[in-house]
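Encoded as structure tokens, the structure appears first; notes follow it.
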Amino acid sequence: MASHLPKKRARVVSVAEQVDELPVECPWLDPGEQGENLQIQDFPTFLIMRLANTAKSGLTRRYLDPFGISLPEWRLLALVARFSVLPFGEVTAGSSMDKGQVSRTLKAIHRKGLVKLSAFAATGKGRAAAISPRIEVTISPKGKALFQRILPIARAHQLKLINLLTQEERKVFHSVARRLLQRVPYLDEEA
């Protein structure tokens, strides 16, 4: 009986080496009835996160770093730029970040003068102020200008990623990503 445990290594391998070790053939064609044939690196979540992290560090940071803005800051700036004014709750809902990260990130881009916040609510006991759920976030002229400077560069870099796929792969990838985003939150509820 063959063991499905990974081989032991003398060291942790780099991301590039891990990618080189990914099977060429799709391991999802025969995962086993309970997934027993899957190695950790074959898990869809593992592969999706690896791809997202690689794209984030290898692509997105390259065009954001020169502007002194982080990926979470860019995500919130782009969200607010799209709508000009948003309540804090809608910023949280639209960002896929938790409230704490949204609050910290909004405070950071507020300090940089990229957004305006209507008010702060203190948390007391010397802790940093948290953003009130009732606050409205407005993009500032400086934020709008920065967004408009970054957007064409971001589009060009994202196009490079899209261009790695054929027309048919683009359709399939987009369709699969949409379906997964729609269904994954309800997996435990499905029969």
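Among residues of the range 29-50 being among the polar types (S, T, N, Q) and assigned to a helix (DSSP H, G or I), the one that is nearest to Ile162 (Cα to Cα) is Thr45.
The set of residues in the range 163-180 that are surrounded by fewer than 10 Cβ atoms within 10 Å (Cβ to Cβ) and in a helix (DSSP H, G or I) comprises Gln167, Glu168.
How do the pairs read when you match residues in the range 154-181 that are closer than 18 Å to Ser57 by Cα with residues anywhere that are surrounded by 12 or more Cβ atoms within 10 Å (Cβ to Cβ), using Cβ under 7 Å and keeping only pairs 6 or more apart or on different chains? Sorted first by the residue in the range 154-181, then by its partner, the pairs are Ala154/Tyr63; His157/Leu59; His157/Tyr63; Leu161/Ala55; Leu161/Leu59; Ile162/Arg170. Give the residues of the range 82-113 that are in contact with a helix residue (DSSP H, G or I) (Cβ under 7 Å, 6 or more places away or on another chain), among the aliphatic types (A, V, I, L, M) and over 10 Å from Val137 (Cα atoms), sorted by residue number. Within the range 82-113, Met97, Val102, Ala108, Ile109 meet the criteria.
For the range 46-55, the condition holds for at least one residue, the condition being that it is of a type in the set (Lys, Arg) and modelled with pLDDT of 85 or more.
The values are calculated or read from the model by the stated rules, or taken from the named source; none is laboratory data. All of these numbers come straight from a predicted model, not from anything done at the bench. Using ideal geometry, Cβ is built from the backbone for each residue, glycine included, and neighbour counts are taken over all protein chains shown.
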